[in-house]
Amino acid sequence: MKRKYSIVDIYRRVITCTQSVLMGIMVCSGGFAIAQQSTVTLEEAIQQTLQKNKNIEAASLDIEYQQQIRRTATDIGKTNVMYMQGQYNSYVKTDNNITISQSIPFPTVFTSQNALDRSLVKGAEFRKAVTENELVYQVRQVYHHLLYLVAREALLEQQDSIYTNFVKATDLRYRTGETRMLEKTTAETQRNEVLNQLAQIQADIQIYQQQLAVLMNSSHPVTIAATELSERKLGLPLDSVSISRNPNMAYLKQLKEIAANEKKVASAKVLPDLSIGYFNQTLIGTPVNASGELATKSDRFQGFQVGLAIPLWFGPQSAKVKAAAIHRQKVQTQFELSQTVMLAQWQQSAQEYIKNKSSVNFYQGAALANAALILKQSDIAFKNGEIDYTEYWLAVRNAMQIRENYLNSLNNLNQSVIHLEFLAGIQ
């Protein structure tokens with residue numbers, strides 16, 4: 001006998017099937033995303049960023065734009081061609097005149113404009129170098145911070161393992177009546193706190209992986225190939241001479257040259273424009289020789305024109321020259337300010353490096369070894385019943401805090417090295 005299904009039963013079956021299909025799609029999509037995930041070294045991440053980042057593409061297009069603009073430096077404007085017909089000479093209505101004229105800026109305008117355009121091309125090239133330096137700095141920052149987060153994740157997993165065993169031990173003691181509920185609850189709370197921190201770190205790892213993918217202009221997730229957080233060595237002296245290689249300073253210096261050339265262009269445009277022309281016309285009825293023979297429509301007369309276009313109102317152009325001079329002074333002031341700021345940043349970063357280096361040396365010297373010894377001895381003592389849960393928990397927390405502080409100091413040291421490399425323009 002066939003079973004009859006109600007509308008509700010049919011609806012439930014449809015919902016169940018739909019959920020199963022969606023779950024299958026999600027699993028397949030997840031597997032595909034994992035398959036598409038790429039693992040990169042720091043050098044590979046930098047190389048792909050410099051090749052695919054949209055800021056680099058925009059900087060390259062700006063160079064091409066300025067190169068095309070440079071080709072307009074010799075632009076003399078449009079040639080004026082005029083045709084005239086009518087009674088401009090006599091009663092004859094069929095006289096005609098063809099005039100071709102050209103206005104040409106004073107020659108110094110071309111030389112100064114060409115110099116300005118060359119400096120603009122060079123400025124765009126320096127600006128691209130600034131962009132590359134900034135992107136390399138950002139990639140190194142993100143990559144090394146990911147190394148730090150992975151190290152923190154491993155430390156928390158180790159701490160979770162210790163607390164898991166601690167929870168099991170306190171639970172056994174509680175069930176055998178050797179301890180109170182407070183010890184068991186405290187152990188579980190501490191483990192849950194570690195699990196919460198671990199979840200936060202794992203979320204941060206995903207965030208920084210996404211940041212790295214954005215810098216690389218990657219369409220799929222990116223993971224780092226390196227897994228060990230190690231000290232990044234500083235390969236340059238701490239004196240401030242290193243900042244002379246910073247591409248931003250070269251760019252600002254180039255802006256000074258651009259401002260100087262802009263003033264030269266403004267000054268050159270004060271000079272008069274040159275004007276030349278040629279005309280060819282009929283003068284029907286006009287004597288063409290001493291015998292009195294009159295010109296017909298087949299007789300044409302020609303000549304040329306030469307002139308100067310002199311600015312009668314010097315005020316606007318003079319104001320442009322003064323404005324260009326003020327702009328040049330402003331650029332010079334900005335350059336000097338940037339030098340002062342960059343020098344201060346270098347000195348501050350150098351002090352940060354010295355401070356962080358001293359801290360890392362402290363932990364590598366004895367603190368890390370002592371932390372390992374504390375963990376080992378406290379574990380043995382707790383298992384043998386020589387110390388209670390409070391002493392054991394304090395010992396574990398102190399040892400883990402030492403290791404966490406070491407990771408923080410090592411990350412700070414690496415970030416200070418990366419910032420010094422950025423200020424020195426090292427790619």
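The values are calculated or read from the model by the stated rules, or taken from the named source; none is laboratory data. Given the structure is predicted, the values throughout are model-derived calculations rather than measurements. For neighbour counting, all protein chains shown are included, and Cβ atoms are generated from backbone atoms with ideal geometry for every residue, glycine included.
List of remarks:
- Test for ALA369: is it within 30 Å of PHE166 (Cα to Cα) and surrounded by fewer than 16 Cβ atoms within 10 Å (Cβ to Cβ): yes
- Pairs, first closer than 16 Å to LYS233 by Cβ in the stretch 342-359, second surrounded by fewer than 17 Cβ atoms within 10 Å (Cβ to Cβ), C-beta under 6 Å, six or more apart: ALA350/LEU238
- Residue that is modelled with the lowest pLDDT [pool: residues in the stretch 298-319 that are touching a strand residue (DSSP E or B) at 6+ places or on another chain (Cβ under 6 Å) and surrounded by 12 or more Cβ atoms within 10 Å (Cβ to Cβ)]: ALA309
- Candidate set from the stretch 376-402 (those that are surrounded by 20 or more Cβ atoms within 10 Å (Cβ to Cβ) and modelled with pLDDT of 85 or more); member that is nearest to THR186 (Cα to Cα): VAL396
- Filtering ALA213, ALA203 for residues that are at pLDDT 85 or above, among the small types (Gly, Ala, Ser), crowded, with 19+ Cβ neighbours inside 10 Å and assigned to a helix (DSSP H, G or I) leaves a single hit, ALA213.
- Residues of the stretch 216-257 classified as assigned to a helix (DSSP H, G or I), among the β-branched types (Val, Ile, Thr) and surrounded by fewer than 18 Cβ atoms within 10 Å (Cβ to Cβ), total: 1
- Enumeration of residues in the stretch 328-362 that are within 27 Å of the chain's Cα centre (by Cα) and hydroxyl-bearing (Ser, Thr, Tyr): THR333, SER338, THR340, SER349, TYR353
- Residue check for LYS297: of a type in the set (Lys, Arg), part of a loop (DSSP other than H, G, I, E, B) and within 30 Å of PHE422 (Cα to Cα): no
- Only residues that are surrounded by fewer than 13 Cβ atoms within 10 Å (Cβ to Cβ), farther than 26 Å from THR282 by Cβ and touching a strand residue (DSSP E or B) at 6+ places or on another chain (Cβ under 9 Å) were counted in the stretch 72-96, giving 2.
- Selection over the stretch 223-269 of residues that are modelled with pLDDT under 90 and aliphatic (A, V, I, L, M) gives a count of 5.
- Taking the listed residues GLU404, GLU391, GLU421, GLU386, the one that is under 30 Å from MET249 (Cβ atoms) and among the acidic types (Asp, Glu) is GLU421, with no other qualifying.
- Enumeration of residues in the stretch 280-297 that are under 27 Å from SER103 (Cα atoms) and surrounded by fewer than 17 Cβ atoms within 10 Å (Cβ to Cβ): ASN280
- Counted residues, the stretch 266-302 - those being over 53 Å from the mean Cα position of the chain (by Cα), more than 19 Å from TYR83 (Cβ to Cβ) and acidic (Asp, Glu): 1
- Residue, farthest from the chain's Cα centre (by Cα), within the stretch 248-265, restricted to residues that are among the charged types (D, E, K, R) and farther than 30 Å from TRP346 by Cβ: LYS264
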